[in-house]
Amino acid sequence: MDHRVSRRTEILTNHLLRRAPPPSSVLQPHRCLSYSPPELSNGFAFDLREMRRLMDGHNLEDRDWLFSVIVQSALFNRRERAGRIFVCPDYNQSMEQQREATMRRIEYLVERGVFQGWLTGEGPGEELRKLALYEVIGMYDHSLAVKLGVHYFLWGGAVKFLGTKRHHDKWLSATENYDMKGCFALSELGHGSNVRGIETITTYDSNTGEFVVNTPCESGQKYWIGGADHATHTIVFSQLYINGSNQGVHAFIAQIRDSDGNICPNIRIADCGHKIGVNGVDNGRIWFDNVRIPRENLLNSVGDVSPTGEYLSDIKNVDQRFAAFLAPLTSGRVIIAATAVYISKISLAIAIRYALTRRAFSITPNGPEVLLLDYPSHQRRLLPLLAKVYAMSFSANDLKMMYVKRSPKSNKAIHIISSAYKATFTWNNIRTLQECREACGGQGVKSENRVGLFMGEFEMHSTFEGDNKVLMQQISKALFAEYVACQKQNKPFSGLGLEHMNKDLPVIPSHLTTPTIRSSEFQIDLFHLRERDLLRRFADEVSEYQSRGESKESAFILSYQLAEDLSRAFSERAILKTFMDAESTLPAGSLKNVLGLLRSLYAMISVDEDATFFRYGYLSTENAFVVRKEVPKLCAELRPHALALVSSFGIPDAFLSPIAYNWVDSNSWSSQL
Ligand SMILES: Cc1cc2nc3c(=O)[nH]c(=O)nc-3n(C[C@H](O)[C@H](O)[C@H](O)COP(=O)(O)OP(=O)(O)OC[C@H]3O[C@@H](n4cnc5c(N)ncnc54)[C@H](O)[C@@H]3O)c2cc1C
């Protein structure tokens, strides 16, 4: 240990005095690489704490408290590398060991009071604290986050939002304290995205006052149910038949294990097996064979059944009733979108810190090798992703604020925006992880460096809580409905950020210059133009298919290319707008200047990557070329701020990885001892 400390002091002194290290072995001294902390050569032009405050948006102290609660405990697999502590689960453990570790970690967090108020607390403040703490948990481990997400957001959320007082009194405190464990059984082998088609059947027996739940066939088995190996209770979604008439999908509470952990009679449970990630979560399958549950176990805020078997609901429309039952899934999309942004942040912080210390090739004979981040091509692969993650942080904060202040009037907008952000941020995260993995070269392959493992762990974000493609289809359908309603009723667009449709068509200058390209007015005009034109084209194409005799549903299906382009345009415009709104709150100064560069890079990379701008002529070929040339210029201007920008994420060292710091020392022979 002493030897390592003195070696580190020596390296640091050499850097500060800019002298070559003395020979320490038979190797030629000038050939030895030594680690130079990026902080020695990169200044900070703005206040990092202020930037972090903007990025995290809320509950910074709560986040820091939980970071330290995790780092303090041996349960979180602490390892020392080159004098630093890192925490990261051991994904090489067996599935059973990972599940056991997840449970021990949950018990520890329960003891430390992390979940207090998660279900019994009321108001935006409590909800924001919960979201902040959940984001920190996600940064440690996806399994831990998923397992807790199922228990608190899906099971707990369903009890809270679909249940009424009798359910709240019985279940909410017990759920919050983790005295009981809940799961959420919606998906089936045969129906995942199309949950409206689930096959589980529930009937009512008025002689006993009980519901009877049945899995009618193998495709109706509940599938992927997180927590199935530990849970005592589940929400079971099923088609409710009353007097032979199907009232649609309803949610019930069913006990599946007794307090000793024995599976209840008439229930069968099996595991889903090993997965490409989240093996710390017990995803399972459940069959119901004439399972009898009390009438009171119907979550009855949407619809109820009287003791005599009469179906009662204020919502007469079956579609609206179905939508109300899926409301707990909104919180799932909000937390997934926010978590995806934080995972991208960790990966970018690791890859950028590494690129600021790793050199490859000299461009002059005997000259020093070039830092990776000084290659324009390396800047081009990482800095636009950094700009996107900044943009998406603002949007995630905006979405969270909308969510915690939700009202019946805002629910539709929250559904559409959370769907757009969930799909866009998780796809962007997958791309960011791949690019960061490659940018770290061989080191990116090592498990301890996290980025590579994240790919397996978080790639599935694109599938659960709404398949991304299916969510994007819903957005374009919702925009279509707005368009048609405004046309038919001759009323202005209002909501979803579509008010720009009421104004004159934006005019794009025929010759773009750098100042124009970097102005937020031009950028938002260009994004408005794309969204507006794509919405009109999509509506026209759907109408054209309908005029040829296709049904509306089939016309939507056939117009999928424009639908996908439109939902992307909607999402990117919404993101740009939240960036501009955040910027507008800041006084002039260095922080605002850097954010201006990031916003321009976000806008221009989005243009450069989307062929619709050129396909439909929103930009001339000449202007498209000017935009393309602007991207490396913006990257070069952001390069000096790269370290400050990732340091502003406020992620503790322990949540990054050894290659983000002294990767020479952490791989030295002495560190193996
Ligand atoms: C790790 C994990 C944990 C999960 N946890 C839970 C849980 O706790 N509880 C629960 O109820 N469920 C859970 N799920 C299930 C999850 O919600 C579903 O897997 C998801 O909704 C997708 O359904 P599916 O798997 O049936 O895919 P499908 O719906 O069959 O989709 C397969 C493919 O078809 C495409 N597709 C579907 N419809 C269309 C269409 N209309 N047009 C074009 N393409 C289409 C999709 O884009 C997708 O690529 C979990 C899943 C996973 C992987």
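Readers should treat all values here as calculations from the given coordinates under stated rules, not as data from a laboratory. Given the structure is predicted, the values throughout are model-derived calculations rather than measurements. Neighbour counts are summed over all protein chains in view; Cβ atoms, including those assigned to glycine, are modelled from backbone coordinates with ideal geometry.
Before anything else, pin down the relative contact order of the range 275-383: Cα pairs under 8 Å, at least 6 apart, normalised by residue count, whole percent.
11 percent
Could you please rank Asp398, Asp205, placing first whichever residue has the fewest other Cβ atoms within 10 Å of its Cβ?
Asp205, Asp398
What is the distance, in nm, between label points placed 7 Å from the Cα along the Cα-to-Cβ direction at Thr513 and at Arg78?
Calculated label separation equals 5.9 nm.
So between Phe161 and Ile363, what do we pick up on full extension, going 0.36 nm a residue minus the alpha carbon distance?
Residue separation times 0.36 nm, minus the Cα-Cα distance, leaves 66.5 nm.
Where in the chain are the DSSP H helices whose C-alpha atoms run 30 Å or more along the long axis and whose mean Kyte hydropathy is at least 0.5?
Qualifying helices, which must be both long enough and hydrophobic enough, are 328-355.
Relative contact order for the range 329-647: what percent, with Cα pairs under 8 Å and sequence separation of 6 or more?
Once normalised by length, the contact order is 24 percent.
Between Arg537 and Lys275, what is the FRET efficiency for a Förster distance of 35 Å, r being their Cβ-Cβ separation, to the nearest 0.05?
That pair, Arg537 with Lys275, gives E of 0.30.
Which order results if Glu465, Glu39, Glu457, Glu541 are arranged by neighbouring Cβ count within 10 Å, fewest first?
Fewest-to-most ranking of Glu465, Glu39, Glu457, Glu541: Glu39, Glu541, Glu465, Glu457.
What is the Cα radius of gyration of the chain over 2.2 N^0.38 Å, N being its residue count?
Working it through for the chain, the quotient is 1.04.
Filter the trypsin sites (Lys or Arg not before Pro) in the range 506-555 to those in DSSP coil with at most 14 other Cβ atoms within 10 Å of their Cβ, and list the result.
Here the trypsin sites (Lys or Arg not before Pro) that fit, given the DSSP loop and packing criteria, are Arg548.
What is the set of long-range amide H partners of Gly284 at a cut-off below 5 Å, with H atoms built 1.01 Å from backbone N?
Under 5 Å from the amide H of Gly284 lie the amide H atoms of Trp224, Ile225, Gly226, Gly227, Ala228, Cys272, each far enough along the sequence or on another chain.
Which whole-number percent is the relative contact order of the chain (Cα, under 8 Å, 6+ apart)?
Reported relative contact order: 16 percent.
For an R0 of 30 angstrom, estimate the FRET efficiency from the Cβ-Cβ distance between Lys592 and Ala413 and round to the nearest 0.05.
Calculated value: 0.60.
Students often get this wrong, so check it: of Lys160/Lys405; Lys409/Lys488; Lys422/Lys469; Lys388/Lys577; Lys345/Lys388; Lys147/Lys275, which have C-alpha atoms separated by over 18 Å?
Lys409/Lys488
Take every DSSP beta bridge with both residues inside the range 181-322 and express the antiparallel ones as a percent of the total, to the nearest 5.
DSSP beta bridges in the range 181-322 are roughly 80 percent antiparallel.
How would you rank 271-284, 346-359, 160-173, highest first, on the average number of other Cβ atoms within 10 Å across their residues?
Per-residue mean Cβ counts within 10 Å order the peptides as 346-359, 271-284, 160-173.
Measuring from centroid to centroid over Cα atoms, what is the spacing of the range 490-520 and the range 562-620 in Å?
12 Å
Using amide H atoms built 1.01 Å from N in the peptide plane, name the residues 5+ places from Cys183, or on other chains, whose amide H lies under 5 Å from its own.
Distant-sequence amide H within range of Cys183: His233, Thr234, Ile235.
Convert 10 °C to kelvin, take the viscosity as 1.306 mPa s, use the Kirkwood radius over C-alpha pairs of the range 329-647 as Rh, and evaluate the Stokes-Einstein diffusion coefficient in µm²/s, rounded to a whole number.
76 µm²/s
Sketch the reach of a paramagnetic label on Asn243 as a point 7 Å from Cα along Cα-to-Cβ, and name the residues of the range 204-232 whose backbone nitrogen lies under 19 Å away.
204-212
Straight-line reach only, C-alpha to C-alpha below 15 angstrom: list the aspartates and glutamates that Lys170 could link to, leaving out same-chain residues fewer than 8 apart.
Hits, sequence-local ones excluded: Asp179, Glu296.
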